[in-house]
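First comes the structure, then the notes that go with it.
The values are calculated or read from the model by the stated rules, or taken from the named source; none is laboratory data. All values derive from a computational prediction rather than experimental measurement. Cβ: placed from backbone, ideal geometry, glycine included. Neighbour counts: every protein chain shown.
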Amino acid sequence: MNKTITSVFCALAILLFSPLLRADPQAVLAEMQTMRLAVTNAVTSFYMFSGLDADSKYAQRIDANIDRFETSLEQISLQSKAIGLEDEVLTIKNDWAEFNQLMNINRSDMLNIGYPNVRLVDDMGRKAFALVNFISSSYEKLASTSDMAPSAIVQQARNMALLMEEITSQYAARGTSISGVVFVGVQKQTLSEMADKFQSDYLALAEMAKDKRSQVILDSIGSKWAFMERSIRNYNENSVPFLVVSYNDRIVGHLQELDDLYH
């Protein structure tokens, strides 16, 4: 009898610690969102770092984003087999290693010779763009195959957070460019076009989330966006990248609040 009971407990233990039972597609999707934002924000922070003579504040922001990405990547790696994304996670790891190497080289150049290599900065921007796109395709695959896609409100908030980071990255690139060179990698939309998209998405989100708590958050986003939008659309007249970066952080933080509220 004791052997039978022991066997049952062993079997239960195996099941409880099985990757299949620990797999949580929703949690993985949230980690992928964190990774997309972290990569984009790391690039923005480098633009600020290079444009402000290796300002230590932005060096710390780069480090924080690298830590965020790697923590999320570790969490996803633990579940990659259970969720059917082993190949995707391996690709993400390899692309991330290449991006990180370029980031380290460019930071070192700033500290040692006072300016980065334009080609390598462009390579870094392109690698970041490709990495975010690949994570997005993996995100969509998991949402589809797991039948656990986020709610429409959560997905809209996540899309807007990523768009806001992309807007800020391109703005920072233009506002801190060296010798007139704009490090925007392979951006396919102008700042004005992205601003139009964010405004449209904001109005759509406001139609989805009408409860009192959501409205408070949306009002906060709207007031900050109203200020930020003017600078985005008129970046050639009065460039204020440090203010745009600051407002970006607040807006993305509010969108994360909505994500948490409906997640």
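Any residue at all in the stretch 125-134 that is more than 22 Å from Leu191 (Cα to Cα) and either modelled with pLDDT of 95 or more or within 17 Å of the chain's Cα centre (by Cα) (or both)? Break it down into steps so the answer makes sense when it comes.
So in the stretch 125-134, the residues more than 22 Å from Leu191 (Cα to Cα) come out as 134.
Now drop any that are not either modelled with pLDDT of 95 or more or within 17 Å of the chain's Cα centre (by Cα) (or both), which leaves 134.
Checked against the condition, which is being more than 22 Å from Leu191 (Cα to Cα) and either modelled with pLDDT of 95 or more or within 17 Å of the chain's Cα centre (by Cα) (or both), the stretch 125-134 yields at least one hit.
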Worksheet item: Which of the residues that make up the stretch 238-259 are assigned to a loop (DSSP other than H, G, I, E, B) and either over 15 Å from Gln170 (Cα atoms) or not hydroxyl-bearing (Ser, Thr, Tyr) (or both)?
Response: Asn238, Val240
Worksheet, complete the sentence: Leu163 fails exactly one of (1) without any contact (Cβ under 8 Å) to a residue 40 or more places away in the chain; (2) surrounded by 22 or more Cβ atoms within 10 Å (Cβ to Cβ); (3) not assigned by TED's automatic domain parsing to the domain that holds Val39, namely (2)
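So, Arg68, is that one among the basic types (Lys, Arg), assigned by TED's automatic domain parsing to the domain that holds Val121 and closer than 21 Å to Ser177 by Cβ or not?
Numbers: among the basic types (Lys, Arg): yes; assigned by TED's automatic domain parsing to the domain that holds Val121: yes; closer than 21 Å to Ser177 by Cβ: no.
Spelling it out, it is not the case that Arg68 is among the basic types (Lys, Arg), assigned by TED's automatic domain parsing to the domain that holds Val121 and closer than 21 Å to Ser177 by Cβ.
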Item to complete: For Lys212, work out the one condition from (1) over 22 Å from Leu29 (Cα atoms); (2) under 16 Å from the mean Cα position of the chain (by Cα); (3) of a type outside the set (Asp, Glu) it doesn't fulfil.
Response: (2)
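With respect to Gly180, is the statement that it is closer than 21 Å to Asn41 by Cβ and modelled with pLDDT under 95 true?
Values: closer than 21 Å to Asn41 by Cβ: no; modelled with pLDDT under 95: yes.
No, not satisfied.
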Worksheet, complete the sentence: Counting only helices (runs of 4 or more DSSP H) wholly inside the stretch 1-82, the ones holding at least 1 residues that are touching a Leu at 6+ places or on another chain (Cβ under 7 Å) and modelled with pLDDT of 95 or more are 25-51, 56-79
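State yes or no: is Asn104 exposed (fewer than 15 other Cβ atoms within 10 Å of the Cβ) and either over 22 Å from Leu78 (Cβ atoms) or aromatic (Phe, Trp, Tyr) (or both)? Step through it out loud before you land on a result.
On the way: exposed (fewer than 15 other Cβ atoms within 10 Å of the Cβ): yes; either over 22 Å from Leu78 (Cβ atoms) or aromatic (Phe, Trp, Tyr) (or both): yes.
Judged against the criteria, Asn104 is a match.
Condition check ((1) surrounded by 20 or more Cβ atoms within 10 Å (Cβ to Cβ); (2) more than 15 Å from Ala42 (Cα to Cα)) across all residues:
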position: Asn112; (1), (2): no, yes
position: Asp122; (1), (2): no, no
position: Leu142; (1), (2): yes, yes
position: Gln156; (1), (2): yes, yes
Discussion item. Could you check the stretch 69-104 and list, in sequence order, the residues that are β-branched (Val, Ile, Thr) and either touching an Asp or Glu at 6+ places or on another chain (Cβ under 8 Å) or closer than 24 Å to Ser144 by Cβ (or both)?
Written reply: Ile76, Ile83, Val89, Thr91, Ile92
Worksheet entry | Residues that are touching a residue at least 24 places away in the same chain (Cβ under 8 Å) and either crowded, with 19+ Cβ neighbours inside 10 Å or in the same structural domain as Ser50 (by TED's automatic domain parsing) (or both), drawn from the stretch 236-255 | Pro241, Val244, Val245, Asn248, Ile251, Val252, His254, Leu255
